[in-house]
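Contents: one structure, followed by commentary.
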Amino acid sequence: MNEESAPIKEHVPRLVCLTGGVISSLGKGIAAASLGNLLKSRGYSVGIMKLDPYINVDPGTMSPFQHGEVYVTLDGAETDLDLGHYERFLDENLTQAHNVTTGRIYDTVIRRERAGDYLGKTVQVIPHITDEIKRRIVDLSEEYELLIVEIGGTVGDIESLPFLEAIRQLRRDVERCGGEICYVHLTLVPFQKASGEMKTKPTQHSVAALREIGIHPHVLLCRSETALDTPVREKIALFADIDVDAVIGLPDVETIYEVPRVLQESGFDEIVLRQLRLPQRPADRSSWDAFVQRVLSPESTVRIGIIGKYIELHDAYKSVFEAVVHGGAFLKARPEIVWIDSEDVERGTAAMDEIDGMIIPGGFGERGVEGKILAARYLRENEIPFLGICLGLQCAVIEFARNRSGIEDAHSTEFSPDTAHPVIHIMASQRSVKDKGGTMRLGAYPCRLRGKTLAASLYGEFWGTEEIVKERHRHRFEVNNAYRDRLAECGMIFSGLSPDGLLVEIVEWPAHPFYIACQFHPEFQSRPLKPHPLFAGLIRAALRKRSER
Ligand code: GLN
């Protein structure tokens, strides 16, 4: 090992490194999250980390079309949406340290180089970049009995090479101090209609590519439409030089929350623990199983609309979607999601009459905003249960100002910088900000709830707290306090404020069966076994609305 290599400390690291092959979007994040879920249910302390091979320092500057949702952690990191799956499956809060990109690694190494830390050496991918990758993995592994490391991208990509090289090197580093590493590779086993069989060749190639780099997977997870039969598993085992037991089929399932059970039935967590030389502690899966049962056999259905401009790409609203699922499961209802294009609302072609409840989620940029404002009016006037989130709150306030407070040209300075009535404007702390990356108001901030409001009653009922809640944020604009009185005169209630009272966090309109909007993103704190109060409240109100029809 190079003298600058990451020093492995006293702690005995146990790592599971998960790579992907053949194609992207096979559900590597769900597989990692599910393994975490299984190991945690056996009483292990588990962390999951994602290594992303792109050069952006974080996904915060990427369009949702490129990258899907940007997931925000408690500590204000803008991260990959897989972190959302990890948090939901682990029921743990993760941090900036759990998502590392090529950009972040290079940023650190280049700063060190400028500081003169490399003492005259030529700074290279190996060992300097790989050492920095290893350092971050090893540092984080110290916090857990067991750390799962998911490597983004697909084996064969140029970009992921330094990450793969780093996890290859880690095997010896880890073993030298008594730890263990388990390599898991996720591949695709396609079914070819013409010959009527499952094809193992792509998996063989992918394993070969991995071996060329020096990584021999211990377990193969094989995604397929239907279950893998024994001859197919035997063939893969032979080529990959592993036991048949370690070839694990992962067929399509109805809900992602079933994946842990499917993997457990195939003995996945058992094999991983064996490889890591850890005891097979008994698992308690009763509450998770009960949750999955509620998702799979609901007693009723409810139609929830989500209005946005990225609706073709459902990943852009991943956490919102999952939060609806959690709220639905809690109330034994199957939420049927109706995706509504905000520009269709502008054109008057959006079908909103069959909706029982609606969400206007967060967003950026002018396109589609008038559609969201129109939708907010429709929901208010037609007494349709409504939850506004971030931009959704801002649109609701603009609509309310225009149509109930008589401020006709009310707008946000984000979309109309010269508006005469900026009911939404940039936060004072954001005025001098020039850089776009990581500079929004990010992460958890406290919000004081006002007594006897819908917000206080929902948080009290579901989370047992009616005073201060901590919620995650990602925005630059806010309600302009100069208009608060005029809005309040027309019935709008500011039911959540920052503790100093200066920043509006929640608004509601009590003349409506369920009308509530928040400046923060409640979806990031919804968990399968602990639905978010605002989402659960929305689903319940929507069920009521449906029964009235
Ligand atoms: N664009 C708005 C702002 O920056 C809303 C952001 C959001 O919805 N996340 O304040």
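Taken together, the values in this text are just the output of simple stated rules run on the coordinates, not laboratory data. Keep in mind the model is a prediction, meaning the values are calculated, not measured. Glycine gets a Cβ as well: all are built from the backbone with ideal geometry, and neighbour counts include every protein chain shown.
Based on the alpha-carbon gyration tensor of the stretch 504-549 and its eigenvalue square roots a ≥ b ≥ c, which shape applies: rounded if a/c is under 1.5, prolate if not and a/b is larger than b/c, or oblate?
Taking the square roots of the gyration eigenvalues as a ≥ b ≥ c, the stretch 504-549 is oblate.
What 222 nm value per residue comes from the helices of the chain, counting each DSSP H run with n ≥ 4 as -39,500 (n - 2.57) and dividing by all residues, nearest 500 deg cm²/dmol? Spell out each step's value before the answer.
Values: 18 runs with 195 residues, N = 549.
Rounded to the nearest 500, it is -10500 deg cm²/dmol.
Could you tell me the calculated FRET efficiency between GLU381 and ASN481, based on Cβ-Cβ distance and R0 = 30 angstrom, to the nearest 0.05? Present the calculation step by step, with values, prior to reporting the outcome.
Working: r = 27 Å, r/R0 = 0.88.
According to the calculation, E is roughly 0.70.
Kindly flag which residue pairs out of LYS50/LYS436; LYS434/LYS530; LYS193/LYS235 have an alpha-carbon separation exceeding 30 Å in this structure. Kindly include the intermediate steps, with their values, before the conclusion.
On the way: LYS50/LYS436 23 Å; LYS434/LYS530 38 Å; LYS193/LYS235 20 Å.
Too far apart for the 30 Å limit: LYS434/LYS530.
What's the angle, to the nearest 10 degrees (0 to 90), between helix 454-463's Cα axis and the longest principal axis of the chain?
30 degrees
Of the peptides 75-86, 107-118, 126-137, how do they stack up when ordered by the mean number of other Cβ atoms within 10 Å, highest first? Mind showing how you got there, number by number?
Values: 75-86: 23.9, 107-118: 12.7, 126-137: 21.1.
Per-residue mean Cβ counts within 10 Å order the peptides as 75-86, 126-137, 107-118.
Given just the C-alpha atoms of the stretch 11-129, how large is their convex hull per residue in cubic angstrom?
On the way: hull volume 17.8 nm³, N = 119.
For the stretch 11-129, the hull spanned by Cα atoms encloses 149 Å³ per residue.
From the residues GLY363, CYS395, PRO385, which one has its Cα farthest along the dipole of the stretch 303-422 in the positive direction, the dipole being from +1 and -1 charges on Cβ of Lys/Arg and Asp/Glu about the Cα centre?
Going by the charge dipole, the pick is PRO385.
Using only the alpha-carbon atoms, how far is helix 391-403 inclined from the longest principal axis of the chain? Give it as 0 to 90 degrees, nearest 10.
Approximately 10 degrees, to the nearest ten.
Could you check what % of the DSSP bridge pairs in the chain are antiparallel, to the nearest 5?
On the way: 25 of 77 bridges.
In the chain, approximately 30 percent of DSSP beta bridges are antiparallel ones.
When a/c is below 1.5 the answer is rounded, else prolate if a/b is larger than b/c, else oblate, so apply that to the stretch 275-369 with a ≥ b ≥ c taken from the square roots of the Cα gyration tensor eigenvalues. Could you put the intermediate results ahead of the total?
Numbers: a/c = 4.42, a/b = 1.89, b/c = 2.33.
Since a/c reaches 1.5 but b/c is at least a/b, the shape of the stretch 275-369 is classed as oblate.
Count the net charge of all other residues whose Cβ sits under 12 Å from the Cβ of ARG472, scoring Lys and Arg as +1 and Asp and Glu as -1.
Local net charge: -3.
Between rounded, prolate and oblate, where does the chain land on the alpha carbon gyration tensor, with a ≥ b ≥ c its root eigenvalues, rounded for a/c under 1.5, else prolate if a/b exceeds b/c? List each step's numbers first, then the result.
Numbers: a/c = 2.10, a/b = 1.56, b/c = 1.35.
Prolate is the answer for the chain, as a/c is 1.5 or above and a/b outweighs b/c.
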